[in-house]
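Step one of this worksheet: look at the structure below.
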């Protein structure tokens, strides 16, 4: 991961993707165009969180509850939440009444109400049975209060999906700026490449004379030979 964070190409691509996501979420939050991308992302995130809750919180309770009636209500709770997760994840493709149009807080309220209702039923069914753990009175009252809060969230969500969209947009923008700073720093930290030396086009000069200089002495030879003949003739005349 550290190597990726030091790679300016990776940080640049991540910065671009986060910037695009932030723009799309802001546009959807302000209702510009018929994008619905933000709504789809919120529904998918809600479905993922709901599935994690089912897998890690509810399914381990099935073997722990040995009472047949309690286990049946727990399985019913899991089934309803699975249906809700499916409706949220595929809300654009499949329309299931009530479940597909639920907002994130409404889904949380539904999950809270179902679990509290199951615990109240469990407290009633195991009352007076020694081999089952009894539910104390304070916990029974707490389940009633939490169940009422869950119903309130289903009817009137405290936080609308629009505010979740703005929250994701702000987070995406902040992380885009952070990755942008990393990109600039990583780009500056790259080692500078040495400048390539320019190839010399001029050939090395040789000591050999050029053709013009080579022909020049040949042109001077006949003139020098004539002077020598004149000198020989004048010498012979002087002897005579």
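Structure values in brief
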quantity: Residue within the stretch 114-122 that is out of contact with any helix residue (DSSP H, G or I) (no Cβ under 7 Å at 6 or more places or on another chain) and either surrounded by fewer than 21 Cβ atoms within 10 Å (Cβ to Cβ) or under 17 Å from residue 76 (Cβ atoms) (or both) present; calculated: no
quantity: Matching entry among 75, 168, 159, 144 (being closer than 17 Å to residue 57 by Cα and either free of Cβ contacts under 8 Å to residues at least 24 places away in the same chain or in contact with a helix residue (DSSP H, G or I) (Cβ under 8 Å, 6 or more places away or on another chain) (or both)); calculated: 75
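For (1) under 22 Å from residue 149 (Cα atoms); (2) over 26 Å from the mean Cα position of the chain (by Cα); (3) part of a loop (DSSP other than H, G, I, E, B), each residue gets a yes or a no:
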site	(1), (2), (3)
41	no, no, no
72	no, yes, no
77	yes, yes, no
88	yes, no, no
95	no, yes, yes
98	yes, yes, yes
102	yes, yes, yes
107	yes, yes, no
112	yes, yes, no
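The numbers here are math on the coordinates, done by the rules we state, and not lab data. None of the values given here were measured: they were computed from a predicted structure. Neighbour counts run over all protein chains shown; Cβ positions are idealised from the backbone, glycine included.
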